[in-house]
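Engineer: Pasting in a structure now, in structure tokens, and then I'll have a few things to ask.
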Amino acid sequence: MKSLRELYRIGKGPSSSHTIGPERACKLFLSENPTADAFTVTLYGSLAKTGDGHGTEDVIKSVLPNVKVVCDEDAFSPHPNTMDLTAERNGCAIAHMRVYSVGGGAIRIDGRKDDTDGAEVYDLNSLTEIRRYCEENGMRLYDYVFAREDAEIRDYLREVWTTMKAAIARGVNAEGVLPGGLEVERRAKILFSGQAPEESAETRENRIVCSYAFAVSEENAAGGTIVTAPTCGACGVLPAVLNYAQERWGYTDEEIICALATGGLIGNLIKTNASISGAECGCQAEIGSACCMATAALSELRKLTLGQIEYAAEVAMEHHLGLTCDPICGLVQIPCIERNAVAAMRAINASSLSYFLTDSRKISFDLVVQTMYETGKDLRRPYRETAEGGLAKLYKK
């Protein structure tokens, strides 16, 4: 597995697959072809169908000079997020590169060794193996992360946490309408500052956690700076849970960094053994993965056993299986923003369940990840981030 730096990416929304990935591809292609005087980029699959709502063309034009962007919605492509880049000089093509935006801002280049996202730093690739190793050596999951990553990973995770908190702070104070034409009002501030009559402690927890998830997701939808956790579309789940936990129970930033390492390891396993791409496996791969990461991180803060952490992550994914990706108008707004809030609450509940029910577990985390991947492959294409099925098809403005 790659470094957590390749999972937690700091960048601008609204889509890791549609903005951060293509931006990285364009910057790489430009650096390899500095003498080109024109470029053509052809988008396929989900990039072609929902790229307009996700800002794909805008980010391409912000990187490549004198570029023509073509959307081919009908051509077959080997990955749902495929783009062809051609460099020209004096009217003649001088270079070509096919890129797959595979989720979370990661890219894979056709015909090249899969090294665009750095070297392999983890020697074990399943939670079963990692858990066995940790238990035999008296380690927590974050100990395994820190033993495999370089010495600067703590500083990077500290930057990740600072960025997450900043997105929450901006989001709960922002007002107005999100861009894109759906006229979606920002609602994080309403949730954060509102109070129900005779509000119970449980209702307040729901409201505050959801306000944080809304805050980050709305910042993402507005093109603000967020952290992929594991993607832009699911970026609100993990920070909402951790920020609430820190405020309510007083966890230190160092404890949060350890929790981010644990949650990141879970996300990395899903990314490695299945997918975190909505275009490839539906929203279960994004929101489901984010819920797994958040409940594992919270369970780490609560000092649950490794078995309890695994159970929590398994429950989180199991009850997202089959979740479709059907963004209305191709925008990361409806139903995406609310899904972040619902998943944040589900992450808290999964952690609580795991405390009591771990001994009754029948399904391993590795098995549910494999199931998610196969389920995602079985989903019809209109339900995998093409904005052609589900809510995206039936909604009428």
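Engineer: Residues of region 297-336 being at pLDDT below 95, in a helix (DSSP H, G or I) and either hydrophobic (A, V, I, L, M, F, W, C) or under 17 Å from Ala213 (Cα atoms) (or both), which ones?
Structural biologist: Ile328, Cys329
Engineer: I've got another one for you. When residues of region 332-364 are filtered for being under 11 Å from Thr295 (Cβ atoms), open to solvent by less than 70 Å² (accessible area, probe 1.4 Å) and in contact (Cβ under 8 Å) with a residue 24 or more places away in the chain, how many remain?
Structural biologist: So the answer is 8.
Engineer: Suppose we keep only residues that are without any contact (Cβ under 8 Å) to a residue 60 or more places away in the chain, outside any loop (DSSP other than H, G, I, E, B) and not aliphatic (A, V, I, L, M) within region 365-380. Which one would you say is farthest from Pro230 (Cα to Cα)?
Structural biologist: Asp378
Engineer: Oh, and also: Starting from residues that are of a type in the set (S, T, N, Q), touching a residue at least 24 places away in the same chain (Cβ under 8 Å) and out of contact with any helix residue (DSSP H, G or I) (no Cβ under 6 Å at 6 or more places or on another chain), keep the ones in region 244-276 and report whichever is least open to solvent (accessible area, probe 1.4 Å).
Structural biologist: Asn268
Engineer: Give me the residue from region 365-388 that is under 22 Å from Val332 (Cα atoms) and charged (D, E, K, R) and, out of that set, surrounded by the most Cβ atoms within 10 Å (Cβ to Cβ).
Structural biologist: Among those that are under 22 Å from Val332 (Cα atoms) and charged (D, E, K, R), it is Glu385.
Engineer: Is region 350-364 home to any residue that is of a type in the set (Phe, Trp, Tyr) and within 25 Å of Gly103 (Cα to Cα)?
Structural biologist: no
Engineer: Kindly indicate which of Ile190, Ile208 is part of a helix (DSSP H, G or I), at pLDDT 95 or above and either closer than 28 Å to Gly264 by Cα or in contact with a strand residue (DSSP E or B) (Cβ under 6 Å, 6 or more places away or on another chain) (or both).
Structural biologist: Only one candidate passes the filter, namely Ile208.
Engineer: A follow-up question, please. Checking Ala387 against (1) in contact with an Asp or Glu (Cβ under 8 Å, 6 or more places away or on another chain); (2) in a helix (DSSP H, G or I); (3) within 29 Å of Ala222 (Cβ to Cβ), which single condition isn't satisfied?
Structural biologist: (2)
Engineer: Just checking, does region 45-52 include any residue being more than 22 Å from Tyr383 (Cα to Cα), out of contact with any helix residue (DSSP H, G or I) (no Cβ under 6 Å at 6 or more places or on another chain), open to solvent by less than 30 Å² (accessible area, probe 1.4 Å) and in a helix (DSSP H, G or I)?
Structural biologist: Looking through region 45-52, none of the residues is more than 22 Å from Tyr383 (Cα to Cα), out of contact with any helix residue (DSSP H, G or I) (no Cβ under 6 Å at 6 or more places or on another chain), open to solvent by less than 30 Å² (accessible area, probe 1.4 Å) and in a helix (DSSP H, G or I).
Here is a yes/no grid of residues against (1) farther than 20 Å from Gln370 by Cβ; (2) charged (D, E, K, R); (3) touching a residue at least 40 places away in the same chain (Cβ under 8 Å); (4) open to solvent by less than 60 Å² (accessible area, probe 1.4 Å):
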position: Lys113; (1), (2), (3), (4): yes, yes, no, no
position: Gly118; (1), (2), (3), (4): yes, no, yes, yes
position: Val121; (1), (2), (3), (4): yes, no, yes, yes
position: Ser126; (1), (2), (3), (4): no, no, yes, yes
position: Cys134; (1), (2), (3), (4): yes, no, yes, yes
position: Thr162; (1), (2), (3), (4): yes, no, no, no
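Engineer: Still on this structure, I have one more. Could we say that Ala221 is in contact with a helix residue (DSSP H, G or I) (Cβ under 7 Å, 6 or more places away or on another chain) and closer than 23 Å to Gly330 by Cα here?
Structural biologist: yes
Engineer: Please verify whether Glu202 is among the charged types (D, E, K, R), part of a helix (DSSP H, G or I) and at pLDDT 95 or above, treating the condition exactly as stated.
Structural biologist: no
The values are calculated or read from the model by the stated rules, or taken from the named source; none is laboratory data. Note that this is a predicted model, so its numbers are computed, not measured. In this analysis, Cβ positions are derived from the backbone assuming ideal geometry, glycine residues included, and neighbour counts consider all displayed protein chains. Heads up: the accessible areas ignore ligands, DNA and RNA and are worked out on the full protein's heavy atoms, side chains in. Shrake-Rupley method; radii C 1.70, N 1.55, O 1.52, S 1.80 Å.
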